[in-house]
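The values are calculated or read from the model by the stated rules, or taken from the named source; none is laboratory data. Remember, it's a predicted structure, so these values are computed and weren't measured experimentally. Cβ sites come from the backbone with ideal geometry, for glycine too, and all protein chains shown count toward neighbours.
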Amino acid sequence: MDQKTMENKELKEAPSSEAPALAAARLVVSSSPHFLNTESIPKIMHSVVTALLPAAAASVYFFGWRALLLIIVCVAACMGTEYAFQRIRNKPIKVYDGSAIITGMLLALTLPPGFPVYAAILGSIFAIGVGKQLFGGLGYNIFNPALLGRAFLMATYPVLTTTWAEPRTVEKAVDAVTAATPLALAKFEGKVDFNLLDLFIGNTAGSLGETSAIAIILGGLYLRYKGYINWKLPLGYLGTIAAFSAIFWLANPAKYPSPLFHLLAGGAMLGAWFMVTDMVTSPTTSLGQWIFVVCAGIMAVVIRLFGGLPEGVMYSILFMNAFVPLLNKHTRPRIFGARRGKE
Amino acid sequence: MGNKTFDRGVHPSYYKELTSGKGIQRAALPKTVVIPLVQHAGTPCEPLVKKGEAVVEGQKIGEVKAFVSAPVHASISGKIKDIELTQHPGGYRCAAIVIEGDGSAKEWGRACNGADLNALTPEAIREAVREAGIVGMGGAAFPTSIKLSPPKGKAIEAVILNGCECEPYLTADHRMMAEEPEKVVWGLRALMKATGAAKGFIGIEENKPDAIEALKKQIASSPEIQIIVLEAKYPQGAEKMLIQASIGRKVPPGKLPFDVGVIVNNVGTAIAVYEALNWGKPLIERVVTISGNGVKEPRNLLVRIGTSFEEVVAQCGGLVDGKEIEVLNGGPMMGVAQPTLAVPVVKGTSGITAIAADVIKSSDYEPCIRCASCVEVCPMGLMPYRLGDYGKAYRTADFKAWDGLTCIECGCCSYVCPAKRPLLQWIRIGKLKLRHEAQKAQAPK
């Protein structure tokens, strides 16, 4: 009843040019749309960090506290480098947006468990410094910074980056200090029968966070659930690896390992869910994304089977990163109502 | 889910529950109205009255002899106070006729069972629609009589009524469909008769079950009219999106709905057609949703054209106190922000949305991270992040080559951008710059 009378009162007052209810309000003017969704870059990046936690946890479980040390060192070095560059370039400090944390974590997860700390720091500085900040910072880099850092370490410390240890969950052979990764065994010793369950869980020699497929998939599914990755990127990449390796396996199963092995071994899973899907360095158009993942998938298998290295995921993604601007330019979506084949 | 829709688009929060259950109420009779001579897309009207002249409600007071135009009428009886420049809610200034009311209101009609359509010729309908100053009431305000006069050789197969109302907050169309379904259907029949269309469709988003129910009852015995329930998705009510979703045809770039044999009209327009043909009532009032978290008592009001926003908002309890507020002509996705409340409600004002500061975006933005969200939602299949860069940098050649002119300015790209880049604003800059260059090239040296 009270409201009713108030309303009537205001009705009477309304025609005068200065209605009291309105005089107090300050009007803001901006261009439409006036509604924006609640997504933000830090929100996306922190979700990716969360999604990497299972893989990080698995690395600590399989390789001990040393794994945690490496992750912390890489993340700290990446954030430090980011801060230093933003400071020097007189840019807003955005160290906490989470993107440097991702780079640090991803880089650490691709390193062997026994990797020296000083080299990890060097790799982190290169990843953020050269891989990201020299291009202009977040959004402007062409290559995935973590992979670039990893490639830098591969070139600088070829022995350290290929010296592996068995996980602590595996009964060690007497005095064995180093071990071979499944991919190396397949490549250099022609081994084709592997315990796929061990590969799936992560109970095998390899990089910190690359071995446990289940932990990576868990994180990937979380990202998919949050809507931050496009399903065609990871599935297209993995699908291509499986399909292309299947051709060789079907032709000669005694010589070539199975597609399942290719999916579970090495960096395929981590690459598919966290590196191929990197927003900045993957194409923006649907067709471009297909070309990107299919070419990268084929390339990874070719390097693994016929190249000089046992693992090809890193170079396959880096190589295709370079084509992204080109793909974005030449794979425009068809505009609404336009005919096929017509500009 | 599972209902028909178009490709891509976004799902904003709708907040329609603020007013969707509130019946349409008649707003208080304004003492003064300001009637802009531009309330339609096309040539501005010339005033037909002079200062000091007495006018009666419904009298034609502005008109021009141009094809693409629509006359304007006095929305209250009284005296012409002045003809002056005024702020238009579309965001520009134009000439307007100010009427000081004498406090009387005319009774136009009550009957909701329309006259026999067989007695009307298509020409008579077109003429009445033009005389009544009816324009598209969804917001774009394109003169309806033009839509009813397709170029020779273009047969119209279907009339689609747009009852999507995909903008958040707005419920004017919803209430009209739920409360006056007989007028909507009669209006649709009249539009079909005027264009010779054999079929009629009414596209409604699934979030208006009572409107769907009411209209279904109304068309129970009319096989030529079909109701199409559409997914609630923005911008479902955009003309091209609606045509694709409801009948599966895509209007090619640069073409009009005519070219695929349809015309699209808002449900409010259909009601205006009903009232013009049955009651002889020109378009002098319209239903406006006043909503948003910046207004105290959101309502759906039947408002006379020319009533000031200030007066309308005051009838809804006023704006909330002590906050920065954005007041929009329209909804939050496409509405135009008003620098002052001393602007009149026009024929295209489907809503007045007041958004308080906590929902308003900040002006900061971050670098593009190529997340492709904008590409994934653009209903026109464009690459907004690219067009934004081109527009911002005045790269008009690139802007044109990447089909920037195809943009329908729905704002989905800005809406989803995680870096909060004002993509649509930059795209508008690109369009303006292109238009500017074209004008320069045309101007005699």
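Within region B:147-165, if we keep just the residues that are buried (at least 21 other Cβ atoms within 10 Å of the Cβ) and more than 15 Å from B:ILE202 (Cβ to Cβ), the residue that is farthest from the chain's Cα centre (by Cα) turns out to be B:ILE156.
In region A:52-101, what residues are among the aromatic types (Phe, Trp, Tyr) and under 28 Å from A:THR211 (Cα atoms)? Within region A:52-101, A:TYR61, A:PHE62, A:PHE63, A:TRP65 meet the criteria. Out of B:ALA270, B:ALA238, B:ALA211, report the one residue that is touching a Leu at 6+ places or on another chain (Cβ under 7 Å), buried (at least 24 other Cβ atoms within 10 Å of the Cβ), assigned by TED's automatic domain parsing to the domain that holds B:LYS152 and at pLDDT 90 or above. Only one candidate qualifies: B:ALA270. Within the set A:LEU264, A:LEU233, A:LEU305, A:LEU260, the sole residue that is within 14 Å of chain B (Cβ to nearest Cβ), in contact with a helix residue (DSSP H, G or I) (Cβ under 8 Å, 6 or more places away or on another chain) and modelled with pLDDT under 95 turns out to be A:LEU233. I'd like the full set of residues that are within 11 Å of chain A (Cβ to nearest Cβ), closer than 17 Å to A:THR331 by Cα and in contact (Cβ under 8 Å) with a residue 12 or more places away in the chain, limited to region B:399-418. B:TRP402, B:ASP403, B:GLY404 - these are the residues of region B:399-418 that are within 11 Å of chain A (Cβ to nearest Cβ), closer than 17 Å to A:THR331 by Cα and in contact (Cβ under 8 Å) with a residue 12 or more places away in the chain.
Which of (1) within 12 Å of another protein chain (Cβ to nearest Cβ); (2) over 15 Å from the mean Cα position of the chain (by Cα); (3) surrounded by 24 or more Cβ atoms within 10 Å (Cβ to Cβ); (4) not in a helix (DSSP H, G or I) does B:ILE243 not meet, given it meets every other one? Evaluating B:ILE243 over (1) within 12 Å of another protein chain (Cβ to nearest Cβ); (2) over 15 Å from the mean Cα position of the chain (by Cα); (3) surrounded by 24 or more Cβ atoms within 10 Å (Cβ to Cβ); (4) not in a helix (DSSP H, G or I) leaves (4) as the failure. Tell me yes or no: at least one residue of region B:339-346 is modelled with pLDDT under 90 and more than 8 Å from every other protein chain (Cβ to nearest Cβ). The answer is no, given that none of the residues of region B:339-346 is modelled with pLDDT under 90 and more than 8 Å from every other protein chain (Cβ to nearest Cβ). Residues of region A:319-343 that are buried (at least 20 other Cβ atoms within 10 Å of the Cβ) and either of a type in the set (Ser, Thr, Tyr) or in a helix (DSSP H, G or I) (or both): A:MET320, A:ASN321, A:VAL324, A:LEU327, A:ASN328. Filter region B:364-376 for residues that are more than 7 Å from chain A (Cβ to nearest Cβ) and surrounded by fewer than 22 Cβ atoms within 10 Å (Cβ to Cβ) and give the result. Those that are more than 7 Å from chain A (Cβ to nearest Cβ) and surrounded by fewer than 22 Cβ atoms within 10 Å (Cβ to Cβ): B:ASP364, B:TYR365, B:GLU376.
When you look at B:PRO379, is it of a type outside the set (S, T, N, Q), under 25 Å from A:TYR228 (Cβ atoms) and at the interface with chain A (Cβ under 8 Å from one of its Cβ atoms), yes or no?
yes
Would you please name the residue that is farthest from B:TYR169 (Cα to Cα), looking only at residues in region B:295-334 that are within 8 Å of another protein chain (Cβ to nearest Cβ), of a type outside the set (D, E, K, R) and assigned to a loop (DSSP other than H, G, I, E, B)? Going through the qualifying residues, I end up with B:GLY322. Please state which one of A:LEU70, A:LEU111 is part of a helix (DSSP H, G or I) and in contact (Cβ under 8 Å) with a residue 24 or more places away in the chain. None of the other options fit; the residue is A:LEU70. Residue count for region A:292-318 under the criterion of being more than 16 Å from A:VAL280 (Cβ to Cβ), in contact with a Phe, Trp or Tyr (Cβ under 9 Å, 6 or more places away or on another chain) and surrounded by fewer than 24 Cβ atoms within 10 Å (Cβ to Cβ): the result is 10.
Residue-wise test of (1) without any contact (Cβ under 8 Å) to a residue 24 or more places away in the chain; (2) more than 26 Å from B:THR340 (Cβ to Cβ); (3) charged (D, E, K, R); (4) not assigned by TED's automatic domain parsing to the domain that holds B:MET177.
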| site | (1), (2), (3), (4) |
| --- | --- |
| B:ILE35 | no, no, no, yes |
| B:GLN59 | yes, yes, no, yes |
| B:PRO71 | no, yes, no, yes |
| B:SER77 | no, yes, no, yes |
| B:PRO89 | no, no, no, yes |
| B:ILE99 | no, no, no, yes |
| B:ALA115 | no, yes, no, no |
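When restricted to residues that are in a helix (DSSP H, G or I), within 14 Å of another protein chain (Cβ to nearest Cβ) and touching a residue at least 24 places away in the same chain (Cβ under 8 Å), region A:124-153 contains 2. If I filter region B:256-284 down to residues being outside any helix (DSSP H, G or I) and over 19 Å from B:LYS240 (Cα atoms), which single residue comes out as farthest from the chain's Cα centre (by Cα)? Among those residues, the one meeting the criterion is B:GLY280.
Among residues of region A:154-175 that are at negative phi, those with a Cβ under 8 angstrom from a residue that is surrounded by fewer than 16 Cβ atoms within 10 Å (Cβ to Cβ) and modelled with pLDDT under 80, sequence gap 6+ or separate chain, pair up as A:THR163/A:THR178; A:TRP164/A:THR178; A:ALA165/A:VAL177; A:ALA165/A:THR178; A:GLU166/A:LYS172; A:GLU166/A:ALA176. Just one residue in the set A:ALA205, A:ALA242 is touching an Asp or Glu at 6+ places or on another chain (Cβ under 8 Å), farther than 25 Å from B:CYS417 by Cβ and not acidic (Asp, Glu); that residue is A:ALA205. Checked against (1) farther than 30 Å from A:ALA180 by Cα; (2) outside any loop (DSSP other than H, G, I, E, B), A:ILE102 passes all but condition (1). Within the option set B:ILE228, B:ILE202, being at pLDDT 90 or above and either under 18 Å from the mean Cα position of the chain (by Cα) or buried (at least 24 other Cβ atoms within 10 Å of the Cβ) (or both) holds for one residue only, B:ILE202. Of the residues that make up region B:285-295, is at least one modelled with pLDDT under 90, polar (S, T, N, Q) and crowded, with 24+ Cβ neighbours inside 10 Å? No, the conditions are met nowhere in region B:285-295.
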